[in-house]
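Novice: Here it is, the structure in full.
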Amino acid sequence: VQLQASGGGLVQAGGSLRLSCTTSRRTSSNNGMGWFRQAPGKERAFVAAISWRGDSKYYDDSVKGRFTISRDNAKNTVYLQMSSLNSEDTAVYYCAVARRAGATTSFNEYAYWGQGTQVTVSS
């Protein structure tokens, strides 16, 4: 499984971005998906997750109310809509495919990872 993330870039504080992640095979094949991020000097951290049906979603507390995860299984794509961005959101964002159907926050539950897309928020 290959994942291609896109949509990152430079945005001013308070702005919005939408990340996309397309997989090389049908994501409707019973896999949850998630987004993680890694800021400079920090470990990779959970951001959001979605079940394969899209009916269960989890968010890190730091992004609740600002970020929305969604998916389109017909397009093999998962999205992360980010709004009210601030400097603490600056990081490389990674999408991942889980080993399970449900949404999961655990790093170890993810089997496949994309290459990452840089998000930089300027103040």
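The values are calculated or read from the model by the stated rules, or taken from the named source; none is laboratory data. Everything numeric in this text was worked out from a predicted model, so none of it was measured. Every residue, glycine among them, receives a Cβ derived from its backbone with ideal geometry; neighbour counts consider all protein chains shown. Remember, those area values only see protein heavy atoms, side chains included, never the ligands or the DNA or RNA. Shrake-Rupley method; radii C 1.70, N 1.55, O 1.52, S 1.80 Å.
Novice: Considering only segment 74-92, state which residues are more than 17 Å from residue 2 (Cβ to Cβ) and under 15 Å from the mean Cα position of the chain (by Cα).
Specialist: Initially, segment 74-92 is screened for residues more than 17 Å from residue 2 (Cβ to Cβ), giving 74, 79-92.
Result: 79, 80, 81, 82, 83, 85, 89, 90, 91, 92.
Novice: Would you mind listing the strands (runs of 3 or more DSSP E) fully within segment 50-97 where at least 3 residues are of a type in the set (A, V, I, L, M) and either farther than 23 Å from residue 115 by Cβ or open to solvent by less than 10 Å² (accessible area, probe 1.4 Å) (or both)? Outline the logic, then answer.
Specialist: Values: elements: 57-59, 67-72, 77-82.
Of the strands (runs of 3 or more DSSP E) lying wholly inside segment 50-97, those with at least 3 residues that are of a type in the set (A, V, I, L, M) and either farther than 23 Å from residue 115 by Cβ or open to solvent by less than 10 Å² (accessible area, probe 1.4 Å) (or both) span 77-82.
Novice: Here is a list: 45, 111. Which entry is hydrophobic (A, V, I, L, M, F, W, C), open to solvent by 30 Å² or more (accessible area, probe 1.4 Å) and under 12 Å from the mean Cα position of the chain (by Cα)?
Specialist: Only one candidate passes the filter, namely 45.
Novice: Restricting to segment 98-108, count the residues that are surrounded by 16 or more Cβ atoms within 10 Å (Cβ to Cβ) and of a type in the set (A, V, I, L, M, F, W, C).
Specialist: 2
Novice: OK, next. Inspect segment 3-16 for any residue being at pLDDT 95 or above, part of a loop (DSSP other than H, G, I, E, B) and either open to solvent by less than 10 Å² (accessible area, probe 1.4 Å) or among the basic types (Lys, Arg) (or both) and give the result as yes or no.
Specialist: No, that holds for no residue.
Novice: Then there's this: Being closer than 22 Å to residue 106 by Cβ and modelled with pLDDT under 95: is that true of residue 27 here?
Specialist: Numbers: closer than 22 Å to residue 106 by Cβ: yes; modelled with pLDDT under 95: yes.
So residue 27 passes the test.
Novice: Before we move on, is residue 22 hydroxyl-bearing (Ser, Thr, Tyr) and closer than 21 Å to residue 2 by Cα?
Specialist: On the way: hydroxyl-bearing (Ser, Thr, Tyr): yes; closer than 21 Å to residue 2 by Cα: yes.
Yes; evaluated as a whole, the condition is true for this residue.
Novice: Using the structure shown, decide if residue 121 is touching a helix residue (DSSP H, G or I) at 6+ places or on another chain (Cβ under 8 Å), at pLDDT 95 or above and under 16 Å from residue 38 (Cα atoms).
Specialist: So residue 121 fits the description; yes.
Novice: What are the residue pairs meeting all of these: first residue in segment 100-123, first residue farther than 23 Å from residue 16 by Cα and assigned to a loop (DSSP other than H, G, I, E, B), second residue open to solvent by 50 Å² or more (accessible area, probe 1.4 Å) and of a type in the set (A, V, I, L, M, F, W, C), Cβ atoms under 6 Å, and 6 or more apart or on different chains?
Specialist: These pairs meet every condition: 101/52.
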